[in-house]
């Protein structure tokens with residue numbers, strides 16, 4: 001079950017690139033280590049990704065960011081700090097994207113056992129609720145067959161495709 005959840009979460013993170021149970025001191029050290037390992041746009045606090053996967057995802061995200069002009073983050077956590085997955089993802093984006101309001105954060109939340117995508121600024125017009133639901137539905141459907149890295153790659157492709165299609169005119 002846990003292996004399926006890990007694969008499922010990894011698959012969702014691949015989709016995003018497109019378009020701790022421990023004490024306070026240990027938790028802080030783990031978060032710092034995860035950030036140091038990320039050295040970019042992937043924040044793997046849940047420890048689901050290898051260093052090579054993080055590096056590959058950072059490269060894909062950087063490419064998508066250059067194309068879109070958005071800030072993009074792929075995030076995993078196993079401690080949502082008592083928040084819902086959506087609230088955690090929204091707060092993460094707000095805290096890490098202080099100079100740019102356009103963008104997206106894909107969260108794999110092992111604490112709440114949920115995957116979510118948070119959008120901000122112009123990204124809301126491209127990644128509407130309906131499009132996000134479609135991405136997440138596809139991610140959950142493929143989760144048992146794909147590794148997390150491939151999930152992020154798929155998401156990056158889908159986000160790029162939606163960016164090229166243009167914003168949804170009915171979005172707010």
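Quick note: the coordinates plus some simple rules give every number you see, no bench work behind them. Only a predicted model underlies this, so the values are computations on that prediction, with no experimental measurement involved. Cβ atoms come from the backbone with ideal geometry, glycine included; neighbour counts cover every protein chain shown.
Annotations for the structure displayed:
- The Kirkwood hydrodynamic radius of region 72-119, based on inverse pair distances between different Cα atoms, is 10.4 Å.
- Overall form of region 43-131 per C-alpha gyration tensor (a/c, 1.5; a/b vs b/c): oblate
- Length released on extending from residue 141 to residue 63, taking residue separation times 0.36 nm less the Cα-Cα span: 25.4 nm
- Burial ranking of peptide ranges 128-139, 42-53 (average Cβ count within 10 Å, highest at the top): 42-53, 128-139
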